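Data block below; observations after.
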Amino acid sequence: MPEAEAPSHEPAEPAPLGVGRTPTGRAEVDELLERLADADHLPADGHTEVYEDVHRGLKDALTSLDARPAAVPGPPGPAAVSGTPSAYDHTHDHRS
């Protein structure tokens with residue numbers, strides 16, 4: 001009768017999880033999702049750093065969607081051209 005092999009107490013080698021990633025069309029997000037593949041080559045205790053890095057990047061990408069676009073420079077308004085305040089000029093000089 002063959003002797004059973006003793007179980008190994010050594011950790012298993014890192015192995016890819018085989019989770020597919022579908023491109024989003026946003027380069028910044030796609031790069032972050034590709035970064036998840038880095039965890040495939042790390043032992044389990046190294047996954048946290050990768051996941052936190054990707055999470056931070058995705059959070060920043062979502063936050064940037066809420067940011068207001070910068071004002072687009074255009075021609076000066078009537079007050080700037082004539083030097084007189086317009087009805088839309090809300091700046092007031094309150095000096096006595």
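For this structure, a couple of remarks:
- Among the residues of the stretch 51-66, the one identified as under 16 Å from residue 19 (Cβ atoms), surrounded by 12 or more Cβ atoms within 10 Å (Cβ to Cβ) and of a type outside the set (A, V, I, L, M) is 51.
- A count restricted to the stretch 1-50 and to residues that are open to solvent by less than 100 Å² (accessible area, probe 1.4 Å), assigned to a loop (DSSP other than H, G, I, E, B) and either of a type in the set (A, V, I, L, M, F, W, C) or under 20 Å from residue 61 (Cα atoms) (or both) stands at 9.
- Near pairs, Cβ below 7 angstrom, 6+ apart or cross-chain, from the stretch 12-36 (farther than 19 Å from residue 49 by Cβ) to any residue that is at pLDDT 90 or above and not in a loop (DSSP other than H, G, I, E, B): 23/30; 24/30; 28/61; 29/58; 29/61
- Residue in the stretch 68-78 that is at pLDDT below 85 and assigned to a helix (DSSP H, G or I) present: yes
The values are calculated or read from the model by the stated rules, or taken from the named source; none is laboratory data. Everything quoted here is computed from the prediction, not taken from an experiment. Counting neighbours? That spans all protein chains shown, and the Cβs are built from the backbone with ideal geometry, glycine included. Surface areas here come from the heavy atoms of the whole protein model, side chains and all, with no ligands, DNA or RNA. Shrake-Rupley method; radii C 1.70, N 1.55, O 1.52, S 1.80 Å.
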